[in-house]
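The values are calculated or read from the model by the stated rules, or taken from the named source; none is laboratory data. Since we're looking at a predicted model, the values are computed, not measured. Cβ placement follows ideal geometry from the backbone for every residue including glycine, while neighbour counts extend to all protein chains displayed. In case anyone asks, the SASA skips ligands and DNA or RNA and just uses the protein heavy atoms, side chains included. Shrake-Rupley method; radii C 1.70, N 1.55, O 1.52, S 1.80 Å.
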Amino acid sequence: MENPLTPEVLADPVALTRALVDIESVSLNEKAIADCVEEVLRGVPHLTTHRYGNTVMARTELNRAQRVVLAGHLDTVPLNDNFPSTMRGDLMYGCGTSDMKSGVAYALHLAVTLPDPRYDVTYFFYEAEEIESQYNGLHLVGEAHPEWLQADFAVLLEPTYGVVEAGCQGTMRAIVTTHGERAHAARSWHGVNAIHGAAEVLRRLTTYEARRVTIDGCDYREGLNAVRINGGVAGNVIPDRCEIEINYRYAPDRDPAAAEAHLREVFAGFDLAVTDAAA
């Protein structure tokens with residue numbers, strides 16, 4: 001496709017945001033947007049540009065005393081009748097407008113228009129932030145090209161109304177499984193309904209009081225939520241299995257082992273399997 005990131009668009013962060021939103025890039029489908037970003041950056045003489053997978057890195061080489069990273073992820077969560085973008089007055093709507101193509105636009109605008117920054121700058125436009133950590137572009141770069149990540153300070157340009165939020169929470173995904181016994185729905189008393197058994201899991205989540213903790217002056221709010229439920233065999237069968245997917249966001253005073261231990265305490269008596277974890 002013809003690259004929509006024209007010089008005129010690159011000069012205007014708002015227009016650039018909309019152009020990026022209108023390149024569909026649900027996680028694992030970032031090639032098209034990465035191609036466009038790479039093409040732009042390779043044409044900028046004051047930057048050295050590299051690509052690994054669908055992660056694009058560009059950096060200045062000005063021999064400054066310090067280096068700053070500006071980073072943003074190219075992928076979005078799944079579309080939800082919000083593509084392409086629309087405008088309502090001065091508000092822009094569309095998949096990724098907030099999380100986080102507006103931040104990507106700002107970084108890309110600076111990369112193109114700021115040839116002589118006070119610090120050396122590394123710009124990261126990376127893939128697969130919204131899914132399992134094994135696909136995460138910064139994780140993959142850290143394994144293959146750790147030298148790209150070397151810097152004195154880093155800012156992830158997630159939108160916060162201009163407020164700096166220090167630090168980052170860990171994330172963990174787990175499957176809590178309930179078990180039953182299949183039966184025909186016409187003789188349901190011969191079975192045990194695993195979906196009904198999920199009610200206790202959901203009750204624990206509903207009554208769960210998420211922890212708040214202050215570390216180095218930063219307030220962290222944890223979160224524990226069901227994000228998906230799978231269960232059922234057929235329309236006339238009592239199900240013998242139900243899976244509740246849990247997402248746990250935890251403060252940095254817990255490592256993944258401690259986070260898992262907490263989940264096993266909350267869901268004591270149920271089968272629990274951790275499927276993804278990032279400190």
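A few notes on this one:
- If the condition is being outside any helix (DSSP H, G or I) and either in contact with a helix residue (DSSP H, G or I) (Cβ under 7 Å, 6 or more places away or on another chain) or open to solvent by 50 Å² or more (accessible area, probe 1.4 Å) (or both), then region 181-191 contributes E181, R182, A183, H184.
- Scanning region 24-45 for residues that are within 19 Å of the chain's Cα centre (by Cα) and either open to solvent by 10 Å² or more (accessible area, probe 1.4 Å) or among the charged types (D, E, K, R) (or both) yields E24, V26, S27, L28, N29, E30, K31, A32.
- Output for region 71-93, where each listed residue is surrounded by fewer than 23 Cβ atoms within 10 Å (Cβ to Cβ) and of a type in the set (A, V, I, L, M, F, W, C): V77, L79, F83, M87, L91, M92
- Residue in region 100-119 that is of a type in the set (S, T, N, Q), under 25 Å from A32 (Cα atoms) and in contact with a Pro (Cβ under 6 Å, 6 or more places away or on another chain) present: yes
- Filtered residues of region 227-253 (kept if at pLDDT 95 or above, part of a loop (DSSP other than H, G, I, E, B) and of a type in the set (D, E)): D240
- Residue count for region 46-63, restricted to those that are out of contact with any helix residue (DSSP H, G or I) (no Cβ under 7 Å at 6 or more places or on another chain), among the polar types (S, T, N, Q) and open to solvent by 10 Å² or more (accessible area, probe 1.4 Å): 2.
- Test: residue in region 122-133 that is open to solvent by less than 70 Å² (accessible area, probe 1.4 Å), in contact with a Lys or Arg (Cβ under 6 Å, 6 or more places away or on another chain), under 21 Å from L41 (Cα atoms) and not hydrophobic (A, V, I, L, M, F, W, C): yes
Yes/no per residue for (1) closer than 22 Å to E127 by Cα; (2) exposed (fewer than 15 other Cβ atoms within 10 Å of the Cβ):
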site	(1), (2)
P146	yes, yes
A151	yes, no
V164	no, yes
N193	no, no
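- Residue count, region 195-206 (criterion: out of contact with any Cys (no Cβ under 7 Å at 6 or more places or on another chain) and either open to solvent by less than 50 Å² (accessible area, probe 1.4 Å) or modelled with pLDDT under 95 (or both)): 2
- Scan of region 212-242 for residues that are within 17 Å of V192 (Cα to Cα), exposed (fewer than 15 other Cβ atoms within 10 Å of the Cβ) and of a type in the set (V, I, T), ordered by number: V233, V237
- Any hit, region 94-111, residues being charged (D, E, K, R), within 15 Å of L16 (Cβ to Cβ), buried (at least 18 other Cβ atoms within 10 Å of the Cβ) and out of contact with any strand residue (DSSP E or B) (no Cβ under 6 Å at 6 or more places or on another chain): yes
- Of all residues in region 3-12 being in contact (Cβ under 8 Å) with a residue 60 or more places away in the chain and crowded, with 17+ Cβ neighbours inside 10 Å, the one that is nearest to A105 (Cα to Cα): L10
- Residue among E245, E265, E209 that alone is within 18 Å of I175 (Cβ to Cβ), out of contact with any Gly (no Cβ under 9 Å at 6 or more places or on another chain), loosely packed, with under 15 Cβ neighbours inside 10 Å and among the acidic types (D, E): E265
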